[in-house]
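The values are calculated or read from the model by the stated rules, or taken from the named source; none is laboratory data. If you're wondering where the values come from, they're calculated on a predicted model, not measured in any experiment. Reconstructed Cβ throughout: ideal geometry from the backbone, glycine too, with neighbour counts over all protein chains shown. The area values use the complete protein model at the heavy-atom level, side chains included, leaving out ligands, DNA and RNA. Shrake-Rupley method; radii C 1.70, N 1.55, O 1.52, S 1.80 Å.
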Amino acid sequence: MFPLLRVQRGFGLLCCALLLSVGSYASSHREAPLISQDPLADNTDVYAFKSPDDPNSITIIANYIPFESPEGGPNYYNFGTNVRYEIHIKNKATTAGDDITYRFTFSSVNEDPTTFFNIRLGKQNLKTTYKCEKSTDGGRTFVTIISNGMVPPNNIGPRSIENATVGLGTSYDALVQQSIATANSGEKVFCGPVDDPFFVDLAGAFDVGNFRPEGNTTNPTVDGLNRFNVHTIALKIPVNLLQKDGKSVMQAANILDPDYVIGVWASASRQMIQTLYQGADVGYDGKYVQVSRLGMPLTNEAVIPVGLKDKWNASTPYNGEDLQFAKYFTNPELALYMDDSQFGKAVPSLNALRIQEKSLGSFDFRNGKPGLFVLKGNQALNGTALSEAAFGGLLLPDNKSPRAVDLLPIFYTGVPNLAPYQLATGKSGNPLAAGKPFIHNFLPTLGDMLRLNMAVPATPRNHPKFSSLGLVQAAVLGLTDPDYNASTALQFIPNMDGFPNGRRLEDDVTTIELQAVSGVVLAAVGLWYDDFQPGVTTSPVTPKLVNVLGFNAGPTKNDIELKPMFPFVQNPWRGFDYPEKARF
């Protein structure tokens with residue numbers, strides 16, 4: 001064989017080759033120019049949540065390969081055999097990199113190369129297995145914890161799966177259960193195709209924010225991921241394996257114990273050199289290079305500008321690398337469409353979302369405005385997170401970065417249980433006073449990752465106050481519900497385990513993040529919307545706040561019910577039963 005082409009997967013050469021092809025969809029679905037050309041390595045979503053069926057475990061899910069059409073044969077999507085998939089966990093702010101890493105590599109074989117069918121006569125093409133390795137020393141060494149894990153095949157159709165003569169002769173549910181492995185270190189693991197649990201009005205989102213709220217009968221919203229599949233890596237991990245000192249949930253001091261905070265992100269890496277030979281053979285050489293990553297949802301899609309998306313994918317949340325992108329959180333582009341002095345009037349679908357211009361009569365949080373910077377150095381900040389002795393240098397950096405006080409910590413440090421980041425309940429009108437605790441997922445690594453406090457109990461999915469609005473709804477209950485607003489004492493409020501304290505499969509992260517950009521977190525801690533007049537308005541639940549809380553970005557739940565048990569994600573849609581989608 002003679003080499004015809006050698007392609008180095010370095011950042012510069014690939015940029016030149018592929019920058020003309022730009023895709024940007026959903027929560028990391030084809031979100032950057034380069035990764036849109038490499039779907040097998042495209043990390044679409046990351047979830048981390050207290051397992052609702054087990055208070056002593058955490059479920060982490062990393063999904064890859066966007067927009068898998070269920071009937072997309074004969075070469076159905078599968079995990080890449082030359083991709084290194086990794087889930088990264090941080091539980092100490094004092095170490096330089098990962099504290100725990102799970103690495104997955106996949107292998108496939110054709111059991112019957114004489115047929116063009118994917119499944120025939122009880123044999124599979126491609127039959128896929130995986131090795132799972134674990135590192136607890138920053139990635140210096142890895143130990144194999146699963147050596148021959150099984151990946152169920154794509155859910156092709158009844159003859160391929162259930163038929164005992166020409167197919168596998170089993171149910172798809174049975175294939176999934178048989179594929180759940182228990183690692184020798186105690187984790188449960190599942191890898192395979194599933195329904196994509198993310199939901200969003202894709203067409204509206206990227207038509208310059210032309211969202212169609214759920215319930216709009218004139219122009220009904222459409223879940224752009226309806227009946228698409230992805231490939232998932234799901235882990236159910238005992239809390240003591242993730243907690244930095246090996247402690248169980250029962251040993252937590254309280255439900256916001258700061259020692260139980262973890263950060264989670266996922267990545268995919270490829271070897272630097274790909275060689276194409278005559279006969280269509282491919283060779284891979286060189287060190288592995290990260291080509292995709294994801295922590296917080298929608299960061300690369302809706303925050304990072306298109307010219308930096310590939311650079312963001314190649315970076316890590318460690319060693320200050322993410323600080324180069326911080327300005328896009330302190331003055332987010334989306335805020336321009338919630339400001340009538342900018343482009344707000346041009347995007348009517350976001351009319352319900354308007355950022356505080358004169359909160360409490362004086363504080364302006366629009367892009368380029370001072371925000372709370374006018375208080376910098378004031379003695380009133382002593383004892384709060386905004387003091388110079390604490391984090392004032394980061395949260396109040398200058399007089400033109402207003403959202404450094406709320407959006408930046410949500411994405412880059414987590415939020416501490418410290419004034420002013422407590423509910424306005426009990427503050428008597430002073431946002432800097434101590435209030436009712438409702439979050440502590442503070443892990444100040446200055447990088448983008450999902451942060452989860454593992455001590456917080458899971459809200460039962462059948463709880464009457466369970467909500468897909470996560471911490472936003474927890475804040476509403478803590479401010480307005482007599483069961484929770486009678487005192488400033490720490491107590492469990494339903495949905496304290498929701499996004500952005502981790503991310504549950506049910507959480508409507510698109511709506512939550514748009515509400516956050518519009519200042520709902522500021523309002524929750526007492527920096528009310530402009531139509532609240534101190535000493536005059538009887539309730540902080542003003543029409544502007546009601547507008548924000550009543551806003552939704554379109555679909556508010558997944559297109560199919562989730563499973564009540566691990567791996568929680570639903571079986572993949574079946575190609576044979578796939579109805580023709582409406583196309584316009």
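Could you tell me which of rounded, prolate or oblate describes the stretch 129-232, using a ≥ b ≥ c as the square roots of the eigenvalues of the alpha-carbon gyration tensor, with rounded for a/c under 1.5 and, failing that, prolate when a/b is larger than b/c and oblate otherwise? Since a/c reaches 1.5 but b/c is at least a/b, the shape of the stretch 129-232 is classed as oblate.
The stretch 380-410 and the stretch 260-314 have Cα centres separated by 32 Å. Per-peptide packing, taken as the mean over residues of other Cβ atoms within 10 Å, places 500-509, 128-137, 377-386 in the sequence 500-509, 128-137, 377-386 from highest down. Of the solvent-accessible surface of the stretch 439-486, computed with a 1.4 Å probe and all protein chains present, 58% belongs to carbon and sulfur. In the full protein context, the chain carries 40 Å² of accessible surface per residue, based on a 1.4 Å probe and ignoring ligands, DNA and RNA. Per-atom-type breakdown for the stretch 43-129 gives carbon and sulfur 50% of the accessible area (1.4 Å probe, protein chains only). Which of the lysines could a cross-linker bridge to K358, judged by Cα under 22 Å and excluding same-chain residues fewer than eight apart? Excluding near neighbours in sequence, the set is K345, K369, K376, K400, K427, K544. Based on the Stokes-Einstein relation at 37 °C and a viscosity of 0.692 mPa s, and on the Kirkwood radius from alpha carbon pairs, the chain is assigned a translational diffusion coefficient of 132 µm²/s.
Every helix of 4 or more DSSP H residues in the chain counts as -39500 (n - 2.57), and over all residues that averages to -3500 deg cm²/dmol at 222 nm.
Once the chain from F492 to N216 is taken as fully extended at 0.36 nm per residue, the excess over their C-alpha distance is 95.9 nm.
Length gained on full extension, K345 to L121: 74.5 nm, using 0.36 nm per residue less the C-alpha separation.
With the highest mean first, a sort of the peptides 53-60, 483-490 on other beta-carbon atoms found within 10 angstrom per residue produces 53-60, 483-490.
Spatially, the stretch 147-224 and the stretch 420-459 are offset by 33 Å when compared through their Cα centroids.
For the listed peptides 544-553, 568-577, a ranking on the average number of other beta carbons within 10 Å per residue, highest first, reads 568-577, 544-553. With contacts taken as Cα pairs under 8 Å and at least 6 residues apart, the chain reaches a relative contact order of 18 percent.
Spatial offset of the stretch 511-557 relative to the stretch 463-485 amounts to 14 Å, using the alpha carbon center of each.
By accessible area, using a 1.4 Å probe on protein heavy atoms only, the stretch 158-231 has 49% of its surface on carbon and sulfur.
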